[in-house]
Amino acid sequence: MIDGALFKRGMRRLAAGVSIITTLDEDVPHGLVATSVSSVCAEPEPTLLVCVNRNSSIHDVIHRRKIFCANLLSADDVELAQRFSVPEFRARRFEHGSWVSLVTGAPALASALASFDCKVTQVVAVHSHTIFIGVVRELKLWQSDIDALLYLDGQYQLRSPSAV
């Protein structure tokens, strides 16, 4: 078996898009920054997954409410990503950004590249994390320009298709 620290060092070399995962519980928004968002399939129903650490503040809320919104961040959202990464800002995370409700009620970020509003259909426990698989109930493409915020080697990176 390989060492967990070595595994983490290897995974830091995988560039990943940055998202803010949100949910809503009794009119109180919850969210976290994540890089573990993936398409599952487009047919018969568009479906994606998010992986959430069981120790995170949002985990039990998603598990109970069965809703989440995956907001894919643009390069302009780096400060918001940093805010959602720090536990000390937890109570004030939603004070910044333009947040709207889509069909499930989970907050969607109007400055994001896209927001996937999902209803959880399957839950898979894997060691310290839970994989929430959700059917997309509403999708908003907020911007026509794609300047993605990426995470690589422990740092936020800005990437645009025009930079290729």
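Here the translational diffusion coefficient of segment 67-164 follows from Stokes-Einstein with Rh set to the Kirkwood radius across Cα pairs; for 37 °C and 0.692 mPa s it amounts to 222 µm²/s.
Helix-only mean residue ellipticity at 222 nm, the chain, DSSP H runs n ≥ 4 weighted -39,500 (n - 2.57), per residue, nearest 500. What is it? It comes out at -3500 deg cm²/dmol, rounded to the nearest 500. Among the protein heavy atoms, those of E88 account for about 140 Å² of accessible surface (1.4 Å probe, every chain in place). In terms of Cα atoms, the Rg and Dmax of the chain work out to 15.3, 45 Å.
Share of Cα-Cα pairs in segment 1-46 beyond 13 Å, in percent? Tail fraction, whole percent: 73.
The distance between label points at E138 and D76 comes to 2.1 nm (points 7 Å beyond Cα on the Cα→Cβ vector).
Its Cα centre serving as origin, segment 38-153 has a Cβ charge dipole (Lys and Arg +1, Asp and Glu -1) of approximately 640 debye. Remark: spin-label model distance R9-D60 equals 3.6 nm, labels positioned 7 Å along the Cα→Cβ axis. When the chain is treated as a GNM with alpha-carbon contacts under 10 Å, the residue of R12, R83, R65 showing the greatest mean-square fluctuation is R12.
Measuring nothing but how far apart in sequence close Cα pairs (under 8 Å, 6+ apart) lie, relative to its length, the chain scores a relative contact order of 26 percent.
Between H127 and A91, the distance separating the two model label sites (each 7 Å from Cα on the Cα→Cβ line) works out to 3.4 nm.
Highest GNM mean-square fluctuation among A15, A106, A148, for the chain modelled with Cα contacts below 10 Å: A15. Candidate cross-link partners of K119 among the aspartates and glutamates, defined by an alpha-carbon separation under 19 Å and a same-chain spacing of 8 or more, comprise D25, E26, D27, E43, E45, D60, E138.
The values are calculated or read from the model by the stated rules, or taken from the named source; none is laboratory data. Please read these numbers as outputs of a predicted model, since none were measured by experiment. Reconstructed Cβ throughout: ideal geometry from the backbone, glycine too, with neighbour counts over all protein chains shown. Calculation scope for accessible area: heavy atoms of the full protein, side chains included, ligands and nucleic acids excluded. Shrake-Rupley method; radii C 1.70, N 1.55, O 1.52, S 1.80 Å.
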